[in-house]
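Heads up: the structure comes next, in structure tokens.
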Amino acid sequence: AAGIPEEKAEGMAIIQDGKIHMARLAIYLSHSVNGVARIHTEILKQRELHDWYELYPERFNNKTNGITQRRWLVLANPHLANYITRLLGSDQWVTDLDQLEELKKFGTDEQVLKSFQDIKQINKQRLCDMIWKREGMKLSPDFIFDIQVKRLHEYKRQFLNALAILDIYYCLKDKVIADFTPTVFIFGAKAAPGYMRAKAIIKFINEVAKLINNDPEVNDLMKVIFVTNYDVSYGERLFPAADVSEQISTAGTEASGTGNMKFMLNGAVTLGTYDGANVEIVEAAGMENNYIFGARVEELEALKDYDPAALYEGNARIRRILDTLIDGTFDDGGTGMFQELYDSLLKGASWHDPDNYYLLYDLPSYIAAKLKVNREYKDRMKFASRCWMNMASAGRFSSDRTIREYAEDIWDIAPIEG
């Protein structure tokens with residue numbers, strides 16, 4: 001296009017060095033380019049696609065993702081769905097999720113919150129029954145249910161979760177943490193077939209689970225399970241049962257997320273970074289009703305000469321949990337995959353810097369947030385109120401709204417009346 005400086009045009013060339021750059025081609029040929037959460041759209045405009053945004057500012061717009069309440073509440077959580085209908089006096093919310101806003105007035109109603117807790121207990125028992133049937137593991141519905149279910153990827157940081165759990169385990173053993181509310185940490189994920197590091201993380205989580213679940217000193221305080229073959233059927237049990245929704249991607253890496261919305265809709269608090277749709281979730285439900293931790297995008301962008309090895313050397317707790325990868329605490333079957341995980345954090349690899357997803361950087365604030373959730377859960381009524389306010393604030397995350405915005409702003413089509 002005319003007026004683009006030569007040095008900038010080279011980086012925007014559709015055909016460059018004998019390769020066709022598909023993203024550039026797509027933007028050039030499209031009339032609309034959108035991100036799928038507000039922070040994602042801003043990152044596209046200001047960083048990833050900034051040159052294109054300067055060229056075509058009118059094409060860029062945001063369409064935050066959504067989920068369907070028909071699947072993820074009406075079908076997955078019939079007890080809560082029926083209770084919402086009773087409180088609202090009709091089931092019109094099923095096609096107009098914004099009506100959930102009317103439920104906010106019950107946020108401090110002890111009778112309503114007690115009924116809400118009873119429903120959560122039913123859903124926890126349903127999940128316990130499914131896990132017993134599928135995995136042969138007995139869980140108590142009286143534990144906090146802390147759940148991270150999503151695609152297995154380094155940027156989603158299931159590895160960070162596992163390291164934090166291991167640290168809490170050692171602190172319980174050392175009597176550093178007192179009065180810990182019993183918690184089950186539940187993972188569900190699948191790795192791409194050739195993604196060996198992701199498979200190593202799955203193996204590590206299962207080794208951590210084996211250590212903790214077989215230790216009689218902590219059995220009545222914590223359990224860990226990685227459910228097999230995580231799918232929609234499992235999701236329909238996991239989302240309604242959760243107390244805590246783990247959404248812990250490195251800030252700036254998660255485009256949106258939709259699992260975070262499913263947990264929110266079913267009445268869980270978000271324990272997460274200021275990333276993806278988490279930003280809009282805490283805006284809707286209140287920062288005070290969720291648990292946000294870790295570096296934000298701006299902080300990571302300004303971080304110079306990050307040295308995870310210095311954190312490792314200077315922090316005995318970090319050193320202890322990382323050393324389990326190489327000191328024989330855990331068995332990787334002689335594959336060397338745990339050594340490779342260890343090296344990925346402290347040495348990096350040919351394709352990335354050490355700890356390129358900032359696990360060790362965010363680990364202390366993450367552990368602190370996990371323990372804060374654990375402490376505050378003891379005030380059951382207040383915690384139930386936080387969960388309730390999340391559920392009542394979930395209206396904007398309906399896919400009905402998302403599709404309507406696409407129809408009006410991008411596709412230029414009107415809904416069929418009647």
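The values are calculated or read from the model by the stated rules, or taken from the named source; none is laboratory data. Quick caveat: nothing in here was measured; it's all calculated off a predicted structure. When we count neighbours, we look across all protein chains shown, and the Cβ atoms used for this are built from the backbone with ideal geometry, even at glycine. Note: areas computed on protein heavy atoms with side chains; ligands, DNA, RNA excluded. Shrake-Rupley method; radii C 1.70, N 1.55, O 1.52, S 1.80 Å.
Among the residues making up segment 258-297, a single one is in a loop (DSSP other than H, G, I, E, B), under 23 Å from Val94 (Cα atoms) and open to solvent by 20 Å² or more (accessible area, probe 1.4 Å): Thr258.
This table checks each residue for (1) touching a residue at least 40 places away in the same chain (Cβ under 8 Å); (2) open to solvent by less than 60 Å² (accessible area, probe 1.4 Å); (3) among the aromatic types (Phe, Trp, Tyr).
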{"residue": "Lys304", "(1), (2), (3)": "no, no, no"}
{"residue": "Ala309", "(1), (2), (3)": "yes, yes, no"}
{"residue": "Gly314", "(1), (2), (3)": "no, no, no"}
{"residue": "Met337", "(1), (2), (3)": "yes, yes, no"}
{"residue": "Glu340", "(1), (2), (3)": "yes, no, no"}
{"residue": "Leu346", "(1), (2), (3)": "no, yes, no"}
{"residue": "Ser350", "(1), (2), (3)": "no, no, no"}
{"residue": "Leu359", "(1), (2), (3)": "yes, yes, no"}
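Residues in segment 361-390 that are touching a Gly at 6+ places or on another chain (Cβ under 9 Å), open to solvent by less than 10 Å² (accessible area, probe 1.4 Å) and aromatic (Phe, Trp, Tyr): Tyr366, Trp388. Could you check, for segment 391-400, whether at least one of its residues is surrounded by 13 or more Cβ atoms within 10 Å (Cβ to Cβ), within 25 Å of Ser249 (Cα to Cα) and acidic (Asp, Glu)? No; the residues of segment 391-400 include none that is surrounded by 13 or more Cβ atoms within 10 Å (Cβ to Cβ), within 25 Å of Ser249 (Cα to Cα) and acidic (Asp, Glu).
Residues of segment 233-249 that are out of contact with any Ser or Thr (no Cβ under 7 Å at 6 or more places or on another chain) and in contact (Cβ under 8 Å) with a residue 60 or more places away in the chain: Tyr234, Gly235, Glu236, Arg237, Leu238, Phe239, Pro240, Ala241, Ala242, Asp243, Val244, Glu246. Of everything listed in (1) assigned to a helix (DSSP H, G or I); (2) aliphatic (A, V, I, L, M); (3) exposed (fewer than 15 other Cβ atoms within 10 Å of the Cβ), the single unmet condition for Ala13 is (1). Considering (1) open to solvent by less than 70 Å² (accessible area, probe 1.4 Å); (2) of a type in the set (A, V, I, L, M, F, W, C); (3) within 30 Å of Arg197 (Cα to Cα); (4) out of contact with any Phe, Trp or Tyr (no Cβ under 6 Å at 6 or more places or on another chain), the lone condition that Ile410 does not fulfil carries the number (3). Remark: Leu238 falls outside the filter, which requires a residue to be modelled with pLDDT of 95 or more, among the hydrophobic types (A, V, I, L, M, F, W, C), more than 23 Å from Gln46 (Cβ to Cβ) and open to solvent by 20 Å² or more (accessible area, probe 1.4 Å). Beta carbons closer than 8 Å, at least 6 apart along the sequence or on distinct chains, pair a first residue in segment 104-119 that is closer than 10 Å to Tyr83 by Cβ with a second that is open to solvent by 60 Å² or more (accessible area, probe 1.4 Å) and part of a helix (DSSP H, G or I) for Ile119/His79.
Within segment 305-346, can you find the residues that are within 17 Å of Ile201 (Cβ to Cβ) and in a loop (DSSP other than H, G, I, E, B)? Once the filter is applied, which keeps residues that are within 17 Å of Ile201 (Cβ to Cβ) and in a loop (DSSP other than H, G, I, E, B), segment 305-346 yields Thr324, Leu325, Ile326, Thr329, Phe330, Asp331, Asp332, Gly333, Thr335, Gly336.
Look at segment 1-16: where a residue is at pLDDT 80 or above and a partner is among the basic types (Lys, Arg) and surrounded by 12 or more Cβ atoms within 10 Å (Cβ to Cβ), sitting 6+ places away or on another chain with Cβ atoms under 7 Å, you get Met12/Arg24; Ile14/Arg24. Among the criteria (1) surrounded by fewer than 15 Cβ atoms within 10 Å (Cβ to Cβ); (2) of a type outside the set (A, V, I, L, M, F, W, C); (3) within 16 Å of Asp243 (Cβ to Cβ), the one Gln117 does not fulfil is (1).
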